[in-house]
Amino acid sequence: MPLTNREIADIFEKVATLLEIKGEIIHRVLSYRRAGETIRDLPRDLHAIAAEGTLTAIPGIGDTLATKITEMLETGTLQFYEKLAAEIPPGLVEVVHINGVGPKKAKLFWKELNITTIPELEAAAREGKLRNLAGMGEKSEKKIIEGIEALSRQTGRVPLGIALPAAQAILDRLMTLAGASEGAIAGSIRRGRPTIGDVDLLVASDDATPIMDTFVKMEQVARVLGHGPTKSSVELLNGLQVDLRILEKSRWGTALNYFTGSQAHNIRMRELALKAGYSLNEHAFSPVDSQGNIQEDAPKILCDSEEKVYATLGLPWIPPEIREDSGEIEAAQAGKLPELITLNDIQADLHMHTTWSDGTLSIREMAEAALQRGRKYIVITDHSQYSAIANGLSVERILQQQLEVRQVDQEMGGRIRVFHGVEMDIRSDGTLDYPDEVLEKLDFVVASLHISLRQPREQITQRVLNAINNPHVDLIGHPRGQLLPDREPADLDMDAVFAAAKEHGTALEINANPRRLDLEAQYARRAVELGIPICIDTDAHAAEQMDLMGYGVLTARRGWVTAASVINTWPVEKFIQWTQQRGK
Ligand code: DGT
Ligand code: CA
Ligand code: CA
Ligand code: ZN
């Protein structure tokens, strides 16, 4: 079977890691690693590019790498990799990926203890055999065990921010075809889950064949996993699996409802249907007798809309984001579904960066970009001094920055208001990165954890509490510190965080960047139940990142959040009033 882009990317990345273990110069290591990353994200099939003879036009691919790609495309293997793998056990590539192990340690374990796989390493660590090696100790041994445990929790799921645009592009393409009358992304994407297992697409049409044929032949398809008249599955070049189902328009409602899920929600729906005398599946409501057997000759109820599916059960339509069997059925029955926040409710963005720290645009440019997107006010929140790699602001620089913010605010002439804030680090030792004399000069203070996220629960929770307890801190940014798909959140005592935030009226963020989506929905829901204000912020470092607000709104909707709880839905007067009440 010919290699896909992803498999070729994997080989290059393995080569990079093996070279690194070998002690090869970093420049060479990086050229393979970058090539791997580039190929993984490439929107076109390498076979097609090679056939055109334009491999070297790919950024980072020179003659040497192009020759290697050609070899893999033609033979399915790479001699250079095979030779390396004979020299250095390829299982070490996995070992290097463990948090707390790098190439040097992997080599040490291999040379000293002949460890070449993760299970061997785990056994050695649990038997206490690592702590006596050079540069190791009990603490680093324990860290490796934790790293292995974290790795085993990894999911292979894809962030929503990658899956949603990919799914939308395919759907848009299919909807241009004649005969496609309805189309939707269903499954976990429609429910706005932060990570996605596979993509589920639905199209309504009376003529499925040409749509199916187009689907399996799309340029971004790496392989066809199944190709049938009503259902096909493909794997994309980036590894994502996409299922497409095509059905008659008359069954659109039941199908969309079924394939949106969640499975738990579907089960509840089926139970309600049975109570009403029907068996419900993706095709129809079918009348059943008292034993629950389908009465084949009785007329079925077809639903061409989801509204009709819910109405048949005496329910109002339930927004997909809350279809998790976590109270939505009961709320619908009681007529108490929340009016969930929408993107249209968003008036402001209270967390963003400029060239003063690690952003790419000036204050003025960010203000213009936000204005273009219909924002009524923004807060400039660059990094504080502790974030040296992000060019964080010294006390002197942040005071200087304030003059520029005030000037831009003037220049914008009321079309958009521009406020001055900061994203202040909560340092590893739990102290805040600026003294109160500085904080009290700012309009809005975000405090965030950026480093030492693996501290024990008590210690890291105390850091966040220190920030909340400071009266100048208005918002905790990306509170749990997770990075999707696989970086675990910090081990925070969220009950303690909520209690403190409630006591001080401090807001908690839903960071809309799809790598974060933090707070996640279940925590946002709890916060809102407790009356804690929420901010949905893009944390933009560039203009386009302001367009990611929708992911934050989806996450909020999953958390049953209504506009009233979200500070940046408020008009600017109310925002100013709120900050004044907090002593600004
Ligand atoms: P994912 O792909 O893991 O991110 O999550 P989903 O929710 O997209 O799950 P998926 O793709 O397996 O199936 C899509 C929907 O189809 C799912 O949300 C509910 C429905 N479904 C699939 N299998 C079953 C099942 O065995 N029972 C029920 N009740 N519904 C199912
Ligand atoms: Ca799915
Ligand atoms: Ca699926
Ligand atoms: Zn930030």
Next on the checklist: Six or more apart or on different chains, Cβ atoms under 6 Å: show the pairs whose first residue is in the range 563-584 and in the same structural domain as PHE419 (by TED's automatic domain parsing) and whose second is open to solvent by 30 Å² or more (accessible area, probe 1.4 Å) and part of a helix (DSSP H, G or I).
Outcome noted: ALA563/ASP345; SER565/VAL528; THR569/ASP345
Next on the checklist: Please go through the range 320-336 and give me each residue that is surrounded by fewer than 18 Cβ atoms within 10 Å (Cβ to Cβ) and more than 12 Å from SER262 (Cα to Cα), ordered by number.
Outcome noted: GLY327, GLU330, ALA331, GLN333, ALA334, GLY335, LYS336
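Would you point out which residue out of GLY135, GLY156 is loosely packed, with under 15 Cβ neighbours inside 10 Å and over 30 Å from the mean Cα position of the chain (by Cα)? Lay out the reasoning, then the answer.
Working: GLY156 fails: over 30 Å from the mean Cα position of the chain (by Cα).
Criteria check complete, one pass: GLY135.
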Checklist entry - What's the number of the condition GLU282 fails, among (1) in contact (Cβ under 8 Å) with a residue 24 or more places away in the chain; (2) farther than 18 Å from SER188 by Cα; (3) in a loop (DSSP other than H, G, I, E, B)? => result (2)
Item to check | Test set (1) under 24 Å from GLY505 (Cβ atoms); (2) under 33 Å from the mean Cα position of the chain (by Cα) - ASP436 fails condition number | outcome: (2)
Checklist outcome for this item: Filter the range 457-484 for residues that are buried (at least 18 other Cβ atoms within 10 Å of the Cβ) and under 16 Å from LEU517 (Cβ atoms); the one that is nearest to the chain's Cα centre (by Cα) is LEU484
Item to check | Residues satisfying the stated conditions in the range 487-504, i.e. in contact with a helix residue (DSSP H, G or I) (Cβ under 8 Å, 6 or more places away or on another chain), open to solvent by 30 Å² or more (accessible area, probe 1.4 Å) and not in a helix (DSSP H, G or I) | outcome: GLU488, ASP491, ASP493
Item to check | From ARG245, ARG270, residue being within 15 Å of ligand 1 (Cβ to nearest atom), buried (at least 17 other Cβ atoms within 10 Å of the Cβ) and either touching a residue at least 40 places away in the same chain (Cβ under 8 Å) or under 22 Å from GLY187 (Cα atoms) (or both) | outcome: ARG245
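For the range 221-239, indicate whether the set of residues that are in a helix (DSSP H, G or I) and either surrounded by 18 or more Cβ atoms within 10 Å (Cβ to Cβ) or within 16 Å of ligand 4 (Cβ to nearest atom) (or both) is non-empty.
Step one: filter the range 221-239 for residues in a helix (DSSP H, G or I), giving none.
No, the conditions are met nowhere in the range 221-239.
Please verify whether ILE26 is among the aliphatic types (A, V, I, L, M) and crowded, with 17+ Cβ neighbours inside 10 Å, treating the condition exactly as stated. So that I can check it myself, show each step before the final result.
Working: among the aliphatic types (A, V, I, L, M): yes; crowded, with 17+ Cβ neighbours inside 10 Å: no.
When the stated conditions are applied, ILE26 does not pass them.
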Item to check | Members of the range 181-207 found to be outside any strand (DSSP E or B), free of Cβ contacts under 8 Å to residues at least 40 places away in the same chain and open to solvent by 20 Å² or more (accessible area, probe 1.4 Å), listed by number | outcome: ASP207
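The values are calculated or read from the model by the stated rules, or taken from the named source; none is laboratory data. Predicted, not measured: the structure shown is a model, and the values here were computed from it. When we count neighbours, we look across all protein chains shown, and the Cβ atoms used for this are built from the backbone with ideal geometry, even at glycine. The protein model used for the area step is the full one, side chains on, heavy atoms only, and it has no ligands, DNA or RNA in it. Shrake-Rupley method; radii C 1.70, N 1.55, O 1.52, S 1.80 Å.
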